[in-house]
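Participant: Submitted below is the structure of interest, expressed as structure tokens.
The values are calculated or read from the model by the stated rules, or taken from the named source; none is laboratory data. Only a predicted model underlies this, so the values are computations on that prediction, with no experimental measurement involved. Quick reminder, even Gly has a Cβ in these numbers, built from the backbone with ideal geometry, and neighbours come from all protein chains shown. Just so you know, the surface numbers come from the protein's heavy atoms only, side chains and all, with ligands and any DNA or RNA stripped out. Shrake-Rupley method; radii C 1.70, N 1.55, O 1.52, S 1.80 Å.
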Amino acid sequence: MWWVLIAFLVGLAVAIPLLVRSRHRRAWWDDLASAEEEVAWFARSLIPELRLTGSVEAAAGGWAVAASRVTAADDHLTVLEASAPDESAQARAAALRDAVRSGRVRMEALRESSTAETMSRDLDAVAADLEAALTPPSPAA
């Protein structure tokens, strides 16, 4: 009878940390999915809206309003990279963070270097880079 109780306690001692670890991993992946939604918003909603403004000045004004949300996504991805459960998750968070950071820097530069003729092309390039980061890498064969 004592063996059954000891086996149960040992099983419990092993199962509880595994369950906690599993929940932490699931929460991390849920956070990453939320961050990916923000990156998708940047690429698929914000940039097309800025493109429709028709002028560099109006796009710069729209960017000024939305920049804090993009910065928050950058910060969130930085935290996720640091707390990633494994190397592939860390690489995914870093790739998204780098794309957001690069996009943010390029958006700031657009205010000074874009013209009415180049604005659409410049915005499309930022969106394309974000979309490329959103596409998960294919698994190695």
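Participant: Give me the one-decimal nm value for the distance between modelled label points at Arg106 and Arg23, 7 Å along each residue's Cα-to-Cβ direction.
Facilitator: 4.1 nm
Participant: With the Cα gyration tensor of the chain in hand, give its eigenvalues times 5 under a square root as the equivalent ellipsoid semi-axes, listed largest first in whole angstrom.
Facilitator: Equivalent ellipsoid of the chain: 45, 14, 10 Å, largest first.
Participant: If you don't mind, another one. How many nm is it between the label spots at Ala33 and Ala91, if each spot is 7 Å from the Cα in line with the beta carbon?
Facilitator: A separation of 2.3 nm, rounded to one decimal place.
Participant: Here's something else I'd like to know. Given 0.36 nm per residue, what is the gain on full extension from Trp2 to Arg69 after removing their alpha carbon distance, in nm?
Facilitator: 18.3 nm
Participant: Another question about this same structure. Hey, any idea what % of the chain's accessible area is carbon plus sulfur with a 1.4 Å probe?
Facilitator: 62 percent
Participant: Calculate one ³J(HN,Hα) per residue across segment 82-94 by plugging θ = phi - 60° into the Karplus curve 6.51 cos²θ - 1.76 cosθ + 1.60, and present them in order as whole Hz with x for glycine and proline.
Facilitator: 5, 10, 4, x, 7, 5, 5, 5, 4, 5, 5, 4, 5
Participant: Let me ask something additional. Accessible area per residue, 1.4 Å probe, Å², for the chain: what's the number?
Facilitator: 62 Å²
Participant: Given a cut-off of under 8 Å on Cα pairs at least six residues apart, what relative contact order in percent is computed for segment 41-129?
Facilitator: 38 percent
Participant: Give me the dipole magnitude in Debye, nearest 20, for the chain about the Cα centre, with unit charges on the beta carbon: positive for Lys and Arg, negative for Asp and Glu.
Facilitator: Here the size comes out at about 500 debye.
Participant: What distance in nm separates the two pseudo spin-label positions at Arg51 and Ser120, each 7 Å out from Cα along the beta-carbon direction?
Facilitator: With each label placed 7 Å out from Cα toward Cβ, I get 0.9 nm.
Participant: Can you bin every Cα-Cα distance in segment 29-99 into 10 Å intervals starting at zero and give me the percent of pairs per bin, rounded to whole numbers?
Facilitator: Spelled out bin by bin, segment 29-99 gives 21, 45, 23, 10, 1 percent.
Participant: In degrees between 0 and 90, to the nearest 10, how far off the longest principal axis of the chain does helix 2-41 point, with axes built from Cα atoms?
Facilitator: Roughly 0 degrees, rounded to the nearest 10.
Participant: Along segment 113-118, what does the Karplus equation 6.51 cos²θ - 1.76 cosθ + 1.60 (θ = phi - 60°) give for ³J(HN,Hα), rounded to whole Hz, x for Gly and Pro?
Facilitator: Listing the rounded values in order: 10, 7, 10, 4, 6, 9 Hz.
Participant: If you don't mind, another one. Taking amide H atoms as placed 1.01 Å from N in the peptide plane, list the residues 5 or more away in sequence, or in a different chain, whose amide H sits under 5 Å from that of Ser114.
Facilitator: none
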